[in-house]
Each structure stands twice: as structure tokens, then as C-alpha cells.
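The values are calculated or read from the model by the stated rules, or taken from the named source; none is laboratory data. Computed from a predicted model, the values in this text were never measured in an experiment. In this analysis, Cβ positions are derived from the backbone assuming ideal geometry, glycine residues included, and neighbour counts consider all displayed protein chains.
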Amino acid sequence: MLAGLRNVSRDLDPDFISDVSQWKEQEKKFTDEVIKELEVAISEMASSNEGWRKYLKIYAEAPTYSLMNRLLATAQLSRKGVDSKGYVLSESAWKALGRRVKSEFAKPIAKRDRAFGYDRDRSWEQKYAVEMLQPLGFNGFTRAKKDSNGNPVMDSNGQPKTEFIPVDPKGYKTFIGYHQDSTEALDGGDPPPLGGDEKPDWADAAAEGNEHGAGKLLAKVQTICRGEDVDCELRGLGTEQPGAIRDPATGKVTINTDAPITEQATVGLRYYFQSKLIKDDNRDSEEVRRKQDAAAESAKYVIASLYGLDSDEQAFPHLADIAESAKGLNSLSSMIHRQVSGVMGYLDPVARARSHEDKKQRESRATRRKSARKSRPKKKSTA
């Protein structure tokens with residue numbers, strides 16, 4: 001399946017194009033080709049439960065960017081003979097983790113080279129570098145913002161607040177990500193452990209057996225429910241009942257303590273995702289509900305696989321219907337990534353560090369925009 005991704009990479013030292021419009025046209029042509037190749041590959045994977053499990057497993061290796069970006073990075077690294085397992089991040093993300101890209105693997109960039117004392121005239125090895133896609137804004141819809149009880153949220157003037165729900169990217173631009181094997185400490189020494197002294201919650205879980213991994217995951221499911229304001233309780237429901245149930249009217253998740261602990265953890269997680277998806281988008285649409293069912297099962301599979309609790313028998317509801325259109329699969333992939341990203345901060349110190357850095361960058365951009373608006377000269381009145 002990855003072998004079919006033929007046109008997803010190019011020379012990362014392209015010829016300089018001075019004509020901006022010509023450069024933009026070239027970039028759009030390249031990103032359009034990449035998206036087309038990826039959509040074909042993802043459609044092939046979605047044609048069977050086995051293929052979709054493989055797609056989710058590739059993503060689960062390091063779910064820091066979207067499913068499509070992870071597939072894109074894996075295809076490029078595999079073509080270069082690099083084991084794709086491990087994190088692939090932008091330079092700014094590596095810096096937030098106390099690392100930098102080694103000079104021999106970093107594309108020459110004047111500002112960064114001056115900061116780190118890299119030779120500007122050096123040659124560089126593209127082995128660990130991959131191009132990834134960043135959306136240029138989103139099309140979507142605006143809706144009234146509601147609290148956990150379904151009531152409208154009001155602003156300080158007593159007016160209902162609204163929120164924008166992104167759906168389809170307006171377009172893409174590229175950026176370069178680097179595999180973790182190309183990094184070192186910011187001072188050039190041995191790279192610090194990813195996440196500092198803290199390990200991911202699932203570390204060694206699979207090696208210590210299913211019950212150990214399930215116990216760790218079950219504890220985290222309860223923490224995630226509290227943190228994300230999803231009502232959840234543990235209660236015995238009898239050995240004949242499933243590992244968890246969900247009340248469709250209230251969204252409450254009840255985890256059955258009489259069921260095997262592996263079922264408690266995985267089914268409880270699945271119903272958490274379903275409640276969160278419906279809470280995030282409660283449109284009364286059969287199409288939306290089908291995607292939410294498939295996204296909840298898929299997101300559960302991604303997280304469960306980290307704890308060694310994935311199943312070779314896992315099936316995904318409505319996948320065949322959704323796979324009939326590239327747009328449907330893109331939407332499903334985005335839903336899965338949003339849900340997985342939402343819980344990774346509870347599980348992975350690297351995800352927490354990236355989330356903190358992303359927040360700082362958003363605040364910095366907002367501050368710069370505010371300062372720019374204030375510095376604009378006011379228009380003189382013609383009256």
C-alpha cells in the first residue's frame with residue numbers, strides 16, 4: 001500500500017524561483033498531487049478492516065500530526081530506508097523538547113544556522129527530512145456554543161457565544177519535519193530523553209501483560225472523563241453485561257466492574273470517545289452519527305494498541321459506506337485525529353510539551369496581530 005505512494009516526495013533543495021506566482025502554482029500542483037496519492041492509498045486501506053487497522057497502526061506509532069501526515073512521513077522515510085517508528089516533528093517542536101536537528105541533517109536556513117553556529121555553505125543529508133502538509137485555513141460551519149448540560153453559553157453582554165467547527169481544509173502548504181534520529185541536545189550533546197524523566201503512560205504495558213495494560217488504561221479513562229467533562233462511573237452490572245454501556249439520552253458512561261478488566265478499559269474508552277464526539281457535534285444527522293461511530297471505534301483502537309490491547313479481529317462500523325468518497329474518509333480521519341489528540345495530553349509527556357508550545361505560539365501570534373492592528377494609522381474622517 002505504501003509502495004503506491006509514488007509522488008509524495010521531491011528534492012528538498014529545489015531550484016530557486018523568483019516569480020512568486022509561478023512558485024505558488026508549482027506548490028499547489030505538488031500538494032494537489034500528494035493529496036490525490038494519499039487519498040487513493042487511504043481508500044485502498046479503508047476497503048477492508050485489515051487495511052484500516054494497518055492505517056491506524058501507522059498513525060499510532062507517533063500520533064503527533066494528522067493520520068494523513070503520518071502516512072505521508074512514513075512513505076518518505078521508508079523510501080529512504082529509515083525505520084519510520086519514532087517521532088517526526090518540525091524544528092520548532094524539537095526545540096520545545098530541548099533538541100535541535102544536527103547540522104549534517106538540517107536544511108540550511110540562515111536564521112537557525114546563525115543561532116546554532118552551523119556552517120552556511122555545508123551540504124546536508126536529506127535522509128531524515130520529510131515534507132508534510134499544513135492546512136491553509138478551513139471551511140466549516142458556525143454553531144451556538146453549549147455547556148455540558150446542553151445550555152447556550154452567554155458572553156458578558158448576555159449574547160449567545162458561537163464556535164467555528166472546521167470541516168475541510170481550504171488548501172495546503174508544506175513544511176519540513178525531521179525524524180528523531182536526526183536530533184541532538186540544543187548544546188550539541190546527547191539528546192535528552194523525550195518527555196524528560198517522565199515516560200508515556202503505556203510504556204512497558206504490553207510487555208507486562210494485558211491485565212497490567214488494561215489496569216493502567218482504565219485508570220486513565222476515568223481521569224480523561226473527568227478532565228473532559230464526560231460523566232463516567234464504575235459500577236457492577238453483572239457478568240452477562242458488556243464492559244461498559246452508554247446512556248444515549250445523557251451521554252453517561254457506566255463501566256461494568258463485573259466484566260473482564262480488558263473489556264472495562266477498551267469498551268469504556270470507546271464509549272468515552274462516542275460521548276465526546278456527540279458532545280462536540282450534536283447535529284441530528286445519520287451521516288454524522290455513522291462517522292462518529294467509526295471514529296470512536298478507530299480512536300479506541302489507536303489508544304488500545306499503545307497498551308497492547310488491540311485485536312486482530314477489530315472491525316469498524318460503517319467504514320465501507322464512508323469509504324465510498326474521499327471527502328468522507330478525510331472527514332473521518334480528521335475526527336479520529338482530534339479525538340486521539342484530545343487524550344494524548346493525558347498519556348504522553350511529548351504530547352503535553354507540544355500542546356504547551358502550540359498554545360504559546362497561538363498566543364504569540366494573537367499578540368502580534370493585536371499589536372499590528374494598534375499600530376495601523378487611523379483613517380481620518382472626511383466629515
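Residues in segment 59-85 that are basic (Lys, Arg) and assigned to a loop (DSSP other than H, G, I, E, B) were compared, and the one that is surrounded by the most Cβ atoms within 10 Å (Cβ to Cβ) is 80.
Being surrounded by 14 or more Cβ atoms within 10 Å (Cβ to Cβ), of a type outside the set (Val, Ile, Thr) and farther than 30 Å from residue 81 by Cβ holds for only one residue in 146, 95, 102, 107, and it is 146.
What about residue 130, is it in contact with a helix residue (DSSP H, G or I) (Cβ under 9 Å, 6 or more places away or on another chain), β-branched (Val, Ile, Thr) and outside any loop (DSSP other than H, G, I, E, B)? In short, yes. Taken over segment 103-143, residues that are within 24 Å of the chain's Cα centre (by Cα) and among the hydroxyl-bearing types (Ser, Thr, Tyr) amount to 2.
With respect to the conditions (1) surrounded by 11 or more Cβ atoms within 10 Å (Cβ to Cβ); (2) at pLDDT 85 or above, residue 189 falls short on a single one, namely (1). Candidates 326, 265, 320: the one that is at pLDDT 95 or above and either farther than 24 Å from residue 235 by Cβ or among the aliphatic types (A, V, I, L, M) (or both) is 265.
A quick yes/no check of all residues on (1) over 18 Å from residue 323 (Cα atoms); (2) among the hydrophobic types (A, V, I, L, M, F, W, C):
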residue	(1), (2)
29	yes, no
33	yes, no
42	no, yes
49	no, no
62	yes, yes
65	yes, no
74	yes, no
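Here residue 229 meets each of (1) free of Cβ contacts under 8 Å to residues at least 24 places away in the same chain; (2) out of contact with any Leu (no Cβ under 9 Å at 6 or more places or on another chain); (3) assigned to a loop (DSSP other than H, G, I, E, B) with one exception, condition (1). Residue 181 meets all of the listed conditions (1) part of a helix (DSSP H, G or I); (2) touching a Pro at 6+ places or on another chain (Cβ under 6 Å) but one, namely (2).
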